[in-house]
1. Normalised by the residues of the chain, what does the relative contact order come to in percent, with Cα pairs under 8 Å and at least six apart?
2. Measure nothing but the geometry: give the 0 to 90° angle between the long axis through the Cα atoms of 35-44 and the longest principal axis through the Cα atoms of the chain, rounded to 10°.
3. Between the helical axis of 253-276 and the dominant principal axis of the chain, each derived from Cα atoms, what acute angle in degrees is found, rounded to the nearest 10?
4. So what are the ³J(HN,Hα) numbers for segment 53-67, from phi and the Karplus equation (6.51, -1.76, 1.60; θ = phi - 60°), rounded to whole Hz, Gly and Pro as x?
5. Can you tell me the dipole magnitude for the chain around its Cα centre, using point charges on the Cβ only (Lys, Arg +1; Asp, Glu -1), in Debye to the nearest 20?
6. Across segment 159-169, in residue order, what do the Karplus-derived ³J(HN,Hα) couplings come to in whole Hz, using 6.51 cos²θ - 1.76 cosθ + 1.60 with θ = phi - 60° and x for Gly and Pro?
7. Count neighbours as other Cβ atoms within 10 Å of each site's Cβ, and list the trypsin sites (Lys or Arg not before Pro) in segment 59-129 that are DSSP loop with at most 11 such neighbours.
8. Quick one: dipole size for segment 177-287, taken about the Cα centre, charges +1 on Lys/Arg Cβ and -1 on Asp/Glu Cβ, in debye to the nearest 20.
Amino acid sequence: MFTALAVVFGLVTALSNAVAVMAQHVASTAGHRRGWRWLRDVIRHPLWLLGWVALAASLVGQATALHFGPLSLVQPLLVSELVIALIVRRLWRHQHLSARAWWSALATSVALAGALVVMDPHGTPRTPTSTAWVASTVVTSVAVGLLVLAARRAGPAGRAGGYAAATAILWAFEATFIKSATQILLASGVAGLLTSWPLYALIVAGVGGLTTEQLALREGPLRVSQPLIVIVDPLVSVLYGVSLFHERLRVSGAALTVIGLCVAVTVVGVVVMTAAVPETLVPGTGLGSRQVPEAPRG
């Protein structure tokens, strides 16, 4: 029952993220003015407000999903935002999308579902020890720092890749704080949450992730940054789930073979989908312009 609720709210989170990205993209490109007038028009646009409402819904959905299910189940589900975004594009914006986009979306969905079913993330979550938190924070900080330093010294593709990988790690780490903050909120109420460190660690990780995401999108091609964010986030989240919350996975030889195959198909599907979907949301747009909805949050 709890696993089913985690899946439902995980998919709600992915849907909310897709709607938020779509709504704010439409709002930000609706006018032709620039500077402060453009910003004023965007803020007044109803879809901009809808985007923020959807973002708030995604945070609530993710927190609820992480309360009911393991990190190593919920975070990989957010990859489905890319697939949901295709459906939203078609139903809302009436945009024509290539057969390659739809087939890659289908392959990604089937492979992702297969990996999660075979992997079978489970286990009663444990409260991480102080030592575990400190170790995870140090390792995460060092990894993100090294990736940012490497990105600063690389070419456009390398910069996009380095910042994107740093973004994915920060968002995966942010999910651990969301899970812990939700547990504190349910146990101690709002007062307990406001006096707990996971809430403020969540804010720091979130701001850091947004910063590196914008750098990744600005410094290099989206075909590099988006697949890395989408793929690295769930993989790192599984590591956090196992190491911090003692989640358990099915790791027999046969299961690992199937999981590896499914992960490989998911990776290829994400890469192909990213390249096949146009960036513009203009109805009728096909493969003439590059490329995809923004990467999933969280």
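1. Contact order relative to length: 28 percent.
2. For helix 35-44, the angle is close to 70 degrees.
3. Tilt relative to the chain: about 20 degrees.
4. Result, rounded to whole Hz: 5, 5, 5, 4, 5, 5, 5, 5, x, 5, 4, 5, 4, 5, 5.
5. Charge dipole of the chain: 720 debye, to the nearest 20.
6. Listing the rounded values in order: 5, 4, x, x, 5, 5, 5, 4, 4, 4, 5 Hz.
7. The qualifying sites are ARG126.
8. 220
Any read-out appearing in this document is the output of simple, stated calculations on the displayed coordinates, not a laboratory observation. Computed from a prediction, not measured in an experiment: that's the story for all the values here. Counting neighbours? That spans all protein chains shown, and the Cβs are built from the backbone with ideal geometry, glycine included.
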